[in-house]
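Here it is, the structure, as structure tokens.
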Amino acid sequence: MSPALPDGDAAPDDGALPSSVLEGADARAFGVYLHVPFCTVRCGYCDFNTYTATELGGGASQASYAATAMREVALSARVLRDAGLPERRVSTVFVGGGTPTVLPADDLVGMLRAVDDAWGLADDAEVTTEANPDSVTPRSLAALAAGGFTRVSFGMQSAVPHVLRTLERTHDPARIPDVVRWARDAGLDVSLDLIYGTPGESLDDWRVSLESALATGVDHVSAYALVVEQGTRMAVQVRRGELTLPDSDDQAAKYELADDLLTAAGLGWYEVSNWARGAEHACRHNLAYWRDDDWWGVGPGAHSHVGGVRWWNVKHPRAYAARLDAGLSPAAGREVVDEEAAALERLMLHVRLAEGMPLDELADDERGRVAGLVADGLVDGRTLLTARRLVLTRRGRLLADLVVRTLAGFGA
Ligand SMILES: C[S@@+](CC[C@H](N)C(=O)[O-])C[C@H]1O[C@@H](n2cnc3c(N)ncnc32)[C@H](O)[C@@H]1O
Ligand code: SF4
């Protein structure tokens, strides 16, 4: 089960892009997202577009996936060339899922080579893969590093056994220090994903998870509030009263504890849910999303954004493979984002960054609402004056959606 694709216009069968994408292209970074839609088991809270072997059915397989995805990479290079876009080397690649590391390292390296062949990777390209802690070995991590990967992001989620059980995670938390060490020994930069607010998690449990993550010496942590997505097993458990969700005060206390401990350990926030030991360890790929650069999303259900045109691929791996086998673009639909929608999107994404939103990029009426947000303690008055940037205070980070709604004039 995973969320439906958006509506939108039909995408052309050859994937051709309108000439409007050329405008300002030189100034935008170009990244590639490669989706790997497979997991060994599905966690009860997760609604990502991913399939276990039994969910997958016939007509698509893990074994043939890398070759299929490489066909989309080749198609994308053709589409961008035909649109007349300037040659831009790829500054970031992010392989996400699902669990990319259920595929052999050779497949992941093969897909990366295809990206390099199609566009050329920048010399300092950041190349990340997500990984489940029980899907890597010292050998597979070394093979990824040797093949050009620079970074790995492990789904740790928690260090506390009862929390991991509620999340239906399969890995042994004792393995986390080992996988981090193996990855670092291989020369990879390491990030850990944590989830807070799982039913039954106490503030002390959350502290244990944060301290365990920090004890590994990682340079990057993402901490996400648990979202109970419709259609997941966890949503059913909550509806039946088998699980009780924490209240917003508990979630806020956990966010503040994360910020305190991570900051004290030398990891500063650079996006509402992301902390890094200095700018050199921030995830450049995600920064490019938040800064509204261009990226091509390869794989079933993947979204792409090039010069104000957004499109999304068919969702099921079988439909995806069938379209590429027939020589067609896998895009299911697309939309050309109009200026008003683009401005709102920029606001929603950029406000979440510690670098802040340049005040000059706000419309007059939005600027008029900033003073009220400063008075409410949601926006930092100092950076507004010194740098003419709108930066959230910590209270503002907890209420980032409210800040965006208020600025955009949607009311509280
Ligand atoms: C594709 S998964 C990461 C890789 C790997 N599949 C794993 O889970 O270890 C991306 C991350 O999204 C986060 N995530 C997924 N579903 C979530 C939810 N419902 N609420 C909050 N975070 C979620 C988890 O922290 C997870 O590590
Ligand atoms: S392993 Fe990751 S992608 Fe797969 S179901 Fe669990 S959270 Fe989702």
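A short reminder: the numbers here are calculations on the coordinates, not readings from a lab. No experiment lies behind these values; they were computed from the predicted model shown. Positions of Cβ are generated from backbone atoms using ideal geometry, with glycine treated the same way; all protein chains shown enter the neighbour counts.
A67 to D292: extension gain in nm, 0.36 nm per residue of separation minus the Cα-Cα distance?
Extending this stretch completely gives an extra 78.1 nm.
Ordered by residue, what ³J(HN,Hα) values in Hz, to whole numbers, does the stretch 99-106 give under the Karplus form 6.51 cos²θ - 1.76 cosθ + 1.60, where θ = phi - 60° and Gly and Pro are x?
10, x, 6, 6, 7, x, 3, 4
How many angstrom lie between the C-alpha centres of the stretch 16-79 and the stretch 222-282?
Each part reduced to its Cα centre gives a spacing of 27 Å.
Using C-alpha positions alone, give me the convex hull volume of the stretch 338-412 per residue in cubic angstrom.
Hull volume normalised by residue count: 79 Å³.
Would you mind checking which residues have amide H under 5 Å from K315's amide H? H placed 1.01 Å from N; only 5 or more apart, or other chain.
For K315, whose amide H was placed from the backbone, the distant partners under 5 Å are G301.
Now, a different point. Taking amide H atoms as placed 1.01 Å from N in the peptide plane, list the residues 5 or more away in sequence, or in a different chain, whose amide H sits under 5 Å from that of L194.
Correct list: Q157, S222, A223, Y224.
May I ask for the Kirkwood hydrodynamic radius of the stretch 261-372, worked out over all distinct Cα pairs and given in angstroms to one decimal?
16.6
Turning to a different aspect of this structure: Are there any trypsin sites (Lys or Arg not before Pro) in the stretch 167-259 that are in a DSSP loop and have at most 13 other Cβ atoms within 10 Å? List them by number.
R240
Considering the options H220, A341, L392, tell which one lies farthest towards the positive end of the dipole of the chain, charges being +1 on Lys and Arg and -1 on Asp and Glu at the Cβ, about the Cα centre.
H220
Of all alpha-carbon pairs in the chain, indicate the percentage at a distance above 30 angstrom.
Counting every Cα pair in the chain, those more than 30 Å apart make up 44 percent.
Can you list the HN-Hα couplings for the stretch 24-40, worked out from phi with the Karplus curve (6.51, -1.76, 1.60; θ = phi - 60°), rounded to whole Hz and with x for Gly and Pro?
Calculated HN-Hα couplings, in order: x, 4, 4, 8, 9, 5, 10, x, 10, 10, 10, 8, 10, x, 10, 9, 6 Hz.
Karplus couplings for the stretch 281-298 from phi (6.51 cos²θ - 1.76 cosθ + 1.60, θ = phi - 60°), rounded to Hz, Gly and Pro as x?
These are the phi-based 3J(HN,Hα) values: 9, 5, 7, 5, 5, 5, 4, 5, 4, 5, 8, 6, 7, 8, 8, 10, x, 9 Hz.
Moving to a separate point now. Give the long-range amide H neighbours of L34: residues separated by 5 or more places, or on another chain, with amide H under 5 Å away, using H modelled in the peptide plane at 1.01 Å from N.
F94, V95, G96, V298
If you don't mind, another one. Suppose every Lys and Arg Cβ carries +1 and every Asp and Glu Cβ carries -1, with no other charges. What dipole size does the stretch 317-412 come out with about its Cα centre, to the nearest 20 debye?
500
Follow-up. Would you compute, from DSSP H runs of 4+ residues alone, the mean residue ellipticity of the chain at 222 nm, taking -39500 (n - 2.57) per run and dividing by the full residue count, rounded to the nearest 500?
Estimated from H runs of four or more residues: -11000 deg cm²/dmol.
Further, regarding this structure: How big, on average over all directions, is the shadow cast by the Cα convex hull of the stretch 1-160, in nm²?
11.4
Given DSSP loops and a limit of at most 12 other Cβ atoms within 10 Å, what is the longest stretch of the chain that contains no such GluC sites (Glu not before Pro)?
Between exposed loop sites, the widest span is 243-412.
Further, regarding this structure: Using 0.36 nm times the number of residues separating E280 and E355, minus their current alpha carbon distance, what extension gain do you get?
Stretched fully, the E280-E355 segment lengthens by 25.6 nm.
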